[in-house]
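*Asks:* Sending over a structure as structure tokens; questions will come in a sec.
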Amino acid sequence: MKLQKIFSLFLVALPLMVFSQRSNDHQLADQYFYKGEFDKASELYEKLYDKNPLHPGLYNNYLRCLLEMKQTDKAEKIVKKQIKKVPGNPVLLIDLGQVYFRRNDFDGAKKQYESAIKMLPPDQGMIVNTANSFLMIQETDYALQTYLGGRKLMSGMYAFNFELAEIYFRKQDYAHMVDEYMNALEENGGFLQNVQNILQSRLGFDTDNNISETVRTAVLRRIQKSPEESVFADLLIWLLIQQKDFESAFIQAKAVDKRLKESGSRLISLGQLAVSNQDYDAGIKCFQYIIEKGHGNFYYITARMEMLNARSKKVTESGRYENADLLNLEKDYHIAVEELGKSGATAPLLRGLAHLLTFYLNKTDDAIKLLEEAIALPDIKPNYQAECKLELGDALLFSGDLWESGLFYSQVDKAFKYDELGKEAKFRNAKLDFYRGEFQWARAQLDILKSSTTQLIANDAMSLSLVISDNTAFDSTTDALTMFANAGLFNFRNLKQEALLTLDTFLQKFPAHTLYDDVLFKKAEVLFSLRRYIEADSLYGKVVSGFPTGVLSDDAQFRRAHVHEKFLSDNAGAMQLYEELLKNYPGSTFVVEARKRYRLLRGDKVN
């Protein structure tokens, strides 16, 4: 009885043992295959294939081994055997064609490829698999024929627009590629985001503007053909934004807004984007258009506030303003506040006015009072309140009240711990500690911020952290670092002469200090803010020539080029400086912008 049970268990276990052995052989064959040891893999695959010829992985890898070993006769038998077992599969005819191709029988290969296309059934999956099989063997034209034939077979059920567009892109046939995307949008406007995402990746490699110009031409034709289809206008606006042509984007967005009788939402977004890209004139036009719709428009208040924000940045960031410009801007702010009132909705307006009062009109007390009033508004949104608290912290720091400033930064840091606002607050607190001379505590906070998702904060945090670490490790007194921090605080508080005096004292007292290039760079920044452009340019040049491998050298080089281009009317000099940056600092974060500006100065058309 026991013997019978043991025999029964053996009969049950036997199939499992056989399966396990096959599984081990399969794994071993795959290992040989991926290591390129096709002869060893082939022996195992042959045994496994004979026992399970319908296993697609076994067949494909076995065939690949035979082809790699140039055993085309054996490969031909295997493929024909597979065709008999699985009739009606065009992919197998492509395999047979590949066998003939490896044998240099190109006519035979062509015949099989064409037969595969003729065999296609009206099945989307089979058509895609066939086209992919052609693509795997670099037969792009046959893949194209597959999809074009498949489009006819599917009779309007599926047009393969995106698949065809991908093949046309490989063939650098951009006109047909774009047409396929346009056809897809004409069929279903919901594909707009998909098309934009794909085109964005394509435009990244479009150094000669061939694709962007093809898209622009095609979209304009579609708009003329089907003016009622807003999806093409949306695509054109998107393309113009990619090209940073906000003026043309404004014209198109305004036309769509009028045609569809919208309330201006797309103009608000476009205007904000234009301003963030420093195209203030285009942004102002967007907001002015909405303002002209009247007080009853849903976006009127937003447009009024954004308009002043754009005008303020245009004036203050130009570096060419006069005091009269600032006073006129202040007057317009007060008119807007009187018109719109003080409420939670207008808190950004109050913050903008306070910033102007603090940093440009030396009316810090008025700014502080205004911000305290804004923060106390009963209907203010939490994020608006936090932004006003950050501005209040800046105003208090500007006035010299470092303690109170830190309290407001800390409140925002605590309330928005996992938000970008909180990270900004932490960074301002770290800078405040740096100004106070609490370097190790500042560094601890900065090291946390180095992993911030906001790249600008992360980069600034890393730079300041390096300044601290590099200048505290071997300097127990930190006298030099303290003097440098004091100069930074003077500059923040707009005490320019005090900042220059402190920096000059540093240069005299510590002529061989590791902070020397930082001090030169900071002094150049101060001189630039005072519109002493030639002196600033000279100091930036000393940073580049004296510290060519320093962390500030590429930044200084870029700023020199910017000064020559924008403030010294020296385009030739700017081009030379941009070119030197591209040559000497190929890994710099300024390379992309420098190349763009160089090409613009040369007269190229740039996206």
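The values are calculated or read from the model by the stated rules, or taken from the named source; none is laboratory data. Quick caveat, the model's predicted, so the values are computed rather than measured. Positions of Cβ are generated from backbone atoms using ideal geometry, with glycine treated the same way; all protein chains shown enter the neighbour counts. Only protein heavy atoms, including side chains, enter the accessible area calculation; ligands, DNA and RNA are left aside. Shrake-Rupley method; radii C 1.70, N 1.55, O 1.52, S 1.80 Å.
*Asks:* Taking the chain as the reference, fit the longest principal axis to its C-alpha atoms, fit the long axis of helix 246-259 to the helix C-alpha atoms, and give the angle between the two in degrees, 0 to 90, nearest 10.
*Replies:* 80
*Asks:* Please tell me the relative contact order of the chain in percent, rounded to the nearest whole number, where contacts are Cα pairs under 8 Å and at least six residues apart.
*Replies:* RCO, the chain: 4 percent.
*Asks:* What is the angle, in °, between the Cα long axis of helix 479-492 and the longest principal axis of the Cα atoms in the chain? Nearest 10 is fine, range 0 to 90.
*Replies:* Roughly 80 degrees, rounded to the nearest 10.
*Asks:* Relative contact order of the range 239-297, please, whole-number percent, based on alpha carbon pairs below 8 angstrom and at least 6 residues apart.
*Replies:* 31
*Asks:* By how many degrees, between 0 and 90 and to the nearest 10, does the Cα long axis of helix 420-436 differ from the longest principal axis of the chain?
*Replies:* 50
*Asks:* Here is a further query. How much area per residue is accessible in the chain when the probe is 1.4 Å and only protein heavy atoms are counted (Å²)?
*Replies:* That works out to 52 Å² per residue.
*Asks:* Run the reach check for residue 261 against lysines, Cα to Cα strictly under 24 Å, same-chain hits fewer than 8 apart removed. What comes back?
*Replies:* Candidates past the 8-residue exclusion: 225, 285, 293.
*Asks:* Can you list which of the chymotrypsin sites (Phe, Trp or Tyr not before Pro) found in the range 474-518 are DSSP loop residues with at most 15 other C-beta atoms within 10 Å?
*Replies:* Filter output for the range 474-518: 474.
*Asks:* Could you tell me which label, among (i) 26.4; (ii) 32.0; (iii) 43.4, carries the value of mean projected area of the Cα convex hull in nm² calculated for this structure?
*Replies:* (iii)
*Asks:* Further question on the same structure: If you plug each phi of the range 559-573 into the Karplus form 6.51 cos²θ - 1.76 cosθ + 1.60 with θ = phi - 60°, what whole-Hz ³J(HN,Hα) values come out, in order, with x for Gly and Pro?
*Replies:* Computed from phi, the couplings for the range 559-573 are 5, 4, 4, 4, 4, 5, 6, 8, 10, 10, 6, 10, 5, 5, x Hz.
*Asks:* Hey, what did the range 211-362 get for relative contact order, percent, Cα under 8 Å, at least 6 apart?
*Replies:* Computed value for the range 211-362: 14 percent relative contact order.
*Asks:* For the cross-link pairs 389/522; 80/118; 70/110, which exceed 22 Å when the distance is taken from alpha carbon to alpha carbon?
*Replies:* Over 22 Å Cα-Cα: 389/522.
*Asks:* Among the trypsin sites (Lys or Arg not before Pro) in the range 564-607, which ones are in a DSSP loop with at most 11 other Cβ atoms within 10 Å of the Cβ? Mind listing them?
*Replies:* For trypsin sites (Lys or Arg not before Pro) across the range 564-607 that sit outside H, G, I, E and B with at most 11 neighbouring Cβ atoms in 10 Å, the list reads 605.
*Asks:* Return the loop-located trypsin sites (Lys or Arg not before Pro) in the range 201-268 (DSSP other than H, G, I, E, B) with at most 13 other Cβ atoms within 10 Å of their own Cβ; answer none if there are none.
*Replies:* Taking the range 201-268 and a limit of 13 other Cβ atoms within 10 Å, the loop trypsin sites (Lys or Arg not before Pro) found are 261.
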